[in-house]
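All of the numbers you see were taken from the coordinates with simple rules; none came from a lab. For clarity, every value in this text was computed on a predicted model and none was experimentally measured. Please note: Cβ atoms are built from the backbone with ideal geometry, for glycine as well, and neighbour counts cover all protein chains shown.
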Amino acid sequence: MNSTNPAEVLQALIRCPSVTPAEGGALTTLQALVEPLGFKVERMTASEPGTPDIENLYARLGSEGPHLMFAGHTDVVPVGNEADWSHPPFAAEIADGMLYGRGAVDMKGGIACFVTALARLVEEKGPPKGSVSLLITGDEEGPAVNGTVKLLEWAKDKGEHWDACLVGEPTNPDQLGDMIKIGRRGSISATVTVRGVQGHAAYPHLADNPVRGAVRLADALMHPPFDHGTDNFQPSNLEVTSIDVGNPATNVIPASTSFKFNIRFNDVWTAESVQAEILRRLDEAAAENHLRPGRDPVAYEIVWSERPSHVFLTRNNALIASLSGAIETVTGSTPQLSTTGGTSDARFIKDYCPVVEFGLVGQTMHMVDERVAVEDLETLTRIYKTFIEQWFANANA
Ligand SMILES: [Zn+2]
């Protein structure tokens, strides 16, 4: 295989059916690609009771600082109905300039371009002055328990330290060069349960309908807005995602009801302060007199999701400028610096070093006929190569 051709590298990776939690040969293929470039490769298997073991890979080129990390995942989501694909999902066929396959954009394509960029750099100028690491997990699309979190801890315990990180997830909505992610909103979910007393709908004074309270509590979380956004973030937003009574009868007042919600919050808040605001709203609404005239406030319980995702914003100008400068040099367009979208493994990496995200165009990720333009692979490879050169030039200046 020619490691300076990103389409060939990507084809080799797609042909490894690495649907989470299977390794599928993808890490072995990657190892075979980067060892000849001078990388020292380590494979690390992470375990946790109740979850499948996951294979991960850490590779380092060089032993001195400055140290640049590239992070990503070789696992992919399931293909769905294989018959719906116009090209088999693990065949990596090229048709009309498009390379088809599961993981083409999310995110074996990003990995292929980064490895190719390094291969070209090493071939032309030798390895960069410093170190480059690949932190590649097999557990991003699954529970994400045995992936990046454990791999980072494991590497740190061995004395690894990084100055900056690029995550190669697909970040561009329409065209290569549209968007860099420089932070992410936080995310918390919870379930609220309101208990009452079951009874006949015609004799409500003998019962205590929990639906009245639950509806008001849910509404209090949705209005008014939590904030109006900040310079770098869109407004925080809470969505009630389910309201459940499970009552098959129309003439029975139920004994309890619950609802679930998820909030995506910006840098006005911390996970702790947004939780406090949610409790304040719930308590205030629960005490509203009209809900239960002459009775105690609505009694509710709240159970928070186990691991909130914290909001973060990267403020490392040298890192952001190296990336955005490389994108401008290669594509001629100025990328938007964004914090939109869902969470990613960057939320774990930010505790170790400044992190930015830039990869392919995300339109077909997780879809049938996931595909990437072969031309985009070449362009992203050139962007990554220019970025690596600019970042090391800055860091060594
Ligand atoms: Zn991904």
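Against the chain, whose longest principal axis is taken from its Cα atoms, helix 108-125 shows a tilt of about 30°. As I understand it, the value is the acute angle between the Cα axis of helix 148-157 and the longest principal axis of the Cα atoms of the chain; what does it come to in degrees, rounded to 10? It works out to around 60 degrees. Taking the fewest neighbouring Cβ atoms within 10 Å as the starting point, the ordered list for Trp154, Trp269 is Trp154, Trp269. For Lys108, the lysines whose Cα comes closer than 18 Å to its Cα, not counting residues fewer than 8 places off in the same chain, are Lys385.
Using the Cα gyration tensor of the stretch 1-95, with a ≥ b ≥ c the square roots of its eigenvalues, what is the shape: rounded (a/c below 1.5), prolate (a/b larger than b/c) or oblate (neither)? Oblate is the answer for the stretch 1-95, as a/c is 1.5 or above yet b/c matches or exceeds a/b. Footprinting exposure proxy ranking of Arg307, Arg295, fewest other C-beta atoms within 10 angstrom first, gives Arg295, Arg307. Each semi-axis of the equivalent ellipsoid for the chain is √(5λ) with λ an eigenvalue of the Cα gyration tensor; in descending order they amount to 46, 23, 19 Å.
Count charges around Asn316 for me, please; just the other residues with Cβ under 12 Å from its Cβ, Lys/Arg as +1, Asp/Glu as -1. Taking every Cβ under 12 Å from that of Asn316, the sum is +1. Here's the picture: charge each Lys and Arg Cβ at +1 and each Asp and Glu Cβ at -1 in the chain, and of His310, Ala32, Leu380 the one pushed furthest to the positive end of that dipole is His310.
Could you tell me which of rounded, prolate or oblate describes the stretch 284-397, using a ≥ b ≥ c as the square roots of the eigenvalues of the alpha-carbon gyration tensor, with rounded for a/c under 1.5 and, failing that, prolate when a/b is larger than b/c and oblate otherwise? Note, shape of the stretch 284-397 comes out prolate. By the Stokes-Einstein formula, at 1.306 mPa s and 10 °C, the stretch 204-260 with its Kirkwood radius over alpha-carbon pairs has D equal to 117 µm²/s.
Can you tell me what share of the DSSP beta bridges in the chain is antiparallel? A percent to the nearest 5 is fine. Beta bridges within the chain, antiparallel portion: roughly 70 percent. Taking the Cα centre of the chain as reference, the dipole from Cβ charges on Lys and Arg (+1) and Asp and Glu (-1) amounts to some 680 debye. In degrees between 0 and 90, to the nearest 10, how far off the longest principal axis of the chain does helix 210-222 point, with axes built from Cα atoms? It works out to around 40 degrees. In the chain, the calculated helix contribution to ellipticity at 222 nm averages -9000 deg cm²/dmol per residue, counting -39,500 (n - 2.57) for every DSSP H run with n ≥ 4. Spatial offset of the stretch 276-351 relative to the stretch 50-96 amounts to 27 Å, using the alpha carbon center of each. What does the charge count near Gly126 come to, summing +1 for each Lys or Arg and -1 for each Asp or Glu among other residues with Cβ under 15 Å from its Cβ? Neighbourhood net charge equals 0.
Charge tally around Ile263: other residues with Cβ under 12 Å, Lys/Arg +1 each, Asp/Glu -1 each, net +1. Sorting 37-44, 378-385, 324-331 by average packing, meaning the other beta carbons within 10 Å per residue, from highest down gives 378-385, 324-331, 37-44.
Let me make sure I get this right: for the stretch 159-318, a, b and c are the square roots of the gyration tensor eigenvalues over alpha carbons, sorted descending. Under 1.5 in a/c it's rounded, otherwise prolate if a/b > b/c, else oblate. Which is it? Note, shape of the stretch 159-318 comes out prolate. Residue ranges 141-153, 64-76 sort as 64-76, 141-153 when ordered by packing (mean number of other C-beta atoms within 10 Å per residue, highest first). When only alpha carbons are used to place a centre, the stretch 1-37 and the stretch 153-231 end up 35 Å from one another. Computed on the chain, with alpha-carbon pairs under 8 angstrom and 6+ residues apart, the relative contact order is 24 percent.
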